[in-house]
Amino acid sequence: MAQLASYKAQPHLERRHATFKGVIEAAPLQLKSGYRIDAFGFCLYAALLVHALIERELRNGMAAAGITELPVYHEDRACKSPTAARILELLDPLTRTIISHQNRTLAVQEPTLNPLQEQILQLLGTPMNPYGTA
């Protein structure tokens with residue numbers, strides 16, 4: 001019975017391994033210090049954890065809002081289970097520009113959110129204040 005449970009969990013493990021090797025691009029390094037090896041391992045673990053949490057939070061938000069699909073693919077094609085890599089790719093162009101001179105802020109240019117980006121941020125439970133919207 002334990003083998004069956006292990007077999008059923010295999011696709012989840014393989015998906016995370018694909019994220020680890022593909023999206024995060026983990027590669028072998030030659031580190032001489034045990035502390036650096038531990039630190040590098042922790043950084044990779046934290047990156048994988050952030051990916052998993054983004055996906056979980058978005059899917060939970062979709063379920064709570066009664067949304068079955070989001071148009072996150074090119075040409076607005078729908079996706080039932082968006083990946084963190086695609087979500088981060090969609091949110092990547094957002095920038096906030098602050099122009100300052102001699103420690104005085106002269107201008108702040110807020111990012112312009114499209115409706116999909118705004119919906120994703122709301123589903124993730126992200127505060128909208130940094131994006132210039134209340």
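Values quoted throughout were computed directly from the atomic coordinates according to the rules given, and no laboratory measurement underlies them. Predicted, not measured: the structure shown is a model, and the values here were computed from it.
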Can you work out ³J(HN,Hα) from phi for every residue in the range 31-38, in order, using Karplus 6.51 cos²θ - 1.76 cosθ + 1.60 and θ = phi - 60°, giving whole Hz and x for Gly and Pro?
-> 10, 8, 9, x, 5, 5, 4, 4
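Output the direction-averaged projected area (hull surface divided by four) of the convex hull of the alpha-carbon atoms of the range 28-134, in nm².
Working: hull surface 42.7 nm².
For the range 28-134, the mean projected area of the Cα convex hull comes to 10.7 nm².
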